[in-house]
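The values are calculated or read from the model by the stated rules, or taken from the named source; none is laboratory data. Keep in mind it's a predicted model, so treat the numbers as computed, not measured. Cβ atoms come from the backbone with ideal geometry, glycine included; neighbour counts cover every protein chain shown. In case anyone asks, the SASA skips ligands and DNA or RNA and just uses the protein heavy atoms, side chains included. Shrake-Rupley method; radii C 1.70, N 1.55, O 1.52, S 1.80 Å.
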Amino acid sequence: MDQTVIINRLEDIVKNVPSGNQGFAIRSEISSPLRINDELVGVLCIDGDHTDIFVEQDIQTLDYMSNQISIVLKNQRLHNEILYL
């Protein structure tokens, strides 16, 4: 996963999308990689119960959020390394 992606009609890709206890079924998703020094350490995902709810502008927002989270994770790693040393 190299970039933020939008999947607006998840039911077209995944058969039998499961529903939650209250009937919530994931219909749309936007996902962004969390990277530290070019290493994939996680994925930030936001799900929605309606189709076509994410737009291209949401990519910029999620890119910003995933960048900030990656910085926090990198700083935590560095902090742990300093404590170890």
Express the carbon and sulfur contribution to the solvent-accessible surface of the chain as a percent, rounded to the nearest whole number, probe 1.4 angstrom.
51
State the extension gain, in nm to one decimal, for the chain segment bounded by GLN60 and PHE24, taking 0.36 nm per residue of separation less the distance between their alpha-carbons.
10.3 nm
Tell me, what is the FRET efficiency for LEU10 and ILE69 to the nearest 0.05, using R0 = 22 angstrom and their Cβ-Cβ distance as r?
0.45
What length, rounded to one decimal in nm, is gained on full extension from ASP49 through to ASP2, with 0.36 nm per residue of separation minus their alpha-carbon distance?
14.4 nm
Relative contact order of the chain, defined on C-alpha pairs under 8 angstrom at six or more residues apart (%):
28
For helix 56-84, what angle does its Cα long axis make with the longest principal axis of the chain, in degrees from 0 to 90 and rounded to 10?
30
Using only helices, what value at 222 nm comes out for the chain when you add -39,500 (n - 2.57) per DSSP H run of length 4 or more and divide by the total residues, to the nearest 500 deg cm²/dmol?
-12500 deg cm²/dmol
Identified option (computed Cα Rg over 2.2 N^0.38 Å; candidates (1) 1.35; (2) 1.23; (3) 1.05)
(1)
